[in-house]
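Laboratory data are not the source of any read-out in this text; all were calculated from the coordinates shown. What you see is a predicted model, and the numbers here were worked out from it, not measured in a lab. With ideal geometry, Cβ positions are generated from the backbone for all residues, glycine too; neighbour counts draw on all protein chains shown.
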Amino acid sequence: MNIQEINGLQIASLLMRLAIGANLLAHGLVRVGSKYESFQIWINNLFASSILPGVIVKPMGYLIPPLELALGVTLLLGFQIKWSLTIASLLMCSLIFGMCLLEKWEIVGIQMIYMICYFLLLTNLSHQIFSLDNLFGGNK
């Protein structure tokens, strides 16, 4: 691809993917590192008084940080973009559900903005540039 052929939608899609990827990567890095155990405790305490049983909450506490980390890496590299965004969207749906149960409406509002970003990226997959998917012909 000639650099002069790149249009605004392609640049916007790239920058949105990089921003979402960096966000997920940073969330994962911070939580997987020395704060992994404290994240587990925090999430269990947060949902202790909710209707969600611990058998659901505890595995999510272990799953969220490495999943955020992996999704951040795949999106930054542009690898399997469609599936990475789909999994990130499903993760966000579960987070939205949890925050709704806790009546944390201000957090749900922020999470809905993430969903709009995922929607925009998923509906503009064909405009992605500078990705491993483009390099190797994936994401079809």
Just a yes or no: is a residue in the stretch 50-58 among the polar types (S, T, N, Q) and out of contact with any Leu (no Cβ under 8 Å at 6 or more places or on another chain)?
-> no
Residues satisfying the stated conditions in the stretch 90-114, i.e. exposed (fewer than 15 other Cβ atoms within 10 Å of the Cβ) and assigned to a helix (DSSP H, G or I) | 90, 93, 94, 97, 100, 101, 105, 106, 109, 110, 112, 113
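Within the stretch 26-47, can one find any residue that is touching a residue at least 40 places away in the same chain (Cβ under 8 Å), of a type in the set (A, V, I, L, M), over 24 Å from residue 97 (Cβ atoms) and surrounded by 13 or more Cβ atoms within 10 Å (Cβ to Cβ)?
Checked the stretch 26-47: at least one residue is touching a residue at least 40 places away in the same chain (Cβ under 8 Å), of a type in the set (A, V, I, L, M), over 24 Å from residue 97 (Cβ atoms) and surrounded by 13 or more Cβ atoms within 10 Å (Cβ to Cβ).
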Checked the stretch 53-66 for anything within 13 Å of residue 101 (Cα to Cα) and crowded, with 18+ Cβ neighbours inside 10 Å; matches are 57
Find all pairs meeting these conditions: Cβ atoms under 8 angstrom apart; at least six residues apart or on different chains; first residue within the stretch 4-21 and touching a residue at least 40 places away in the same chain (Cβ under 8 Å) and surrounded by 14 or more Cβ atoms within 10 Å (Cβ to Cβ); second residue assigned to a helix (DSSP H, G or I) and basic (Lys, Arg).
-> none
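May I ask you to say which residue of 73, 108, 55 is of a type outside the set (D, E, K, R) and farther than 28 Å from residue 13 by Cβ?
55
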Would you mind stating whether residue 123 is loosely packed, with under 15 Cβ neighbours inside 10 Å and among the β-branched types (Val, Ile, Thr)?
-> yes
Residue 50 vs. criteria surrounded by fewer than 18 Cβ atoms within 10 Å (Cβ to Cβ), in contact (Cβ under 8 Å) with a residue 24 or more places away in the chain, more than 27 Å from residue 119 (Cα to Cα) and small (Gly, Ala, Ser) | yes
Taking the stretch 36-74 only, how many residues are under 25 Å from residue 18 (Cβ atoms) and aliphatic (A, V, I, L, M)?
-> 7
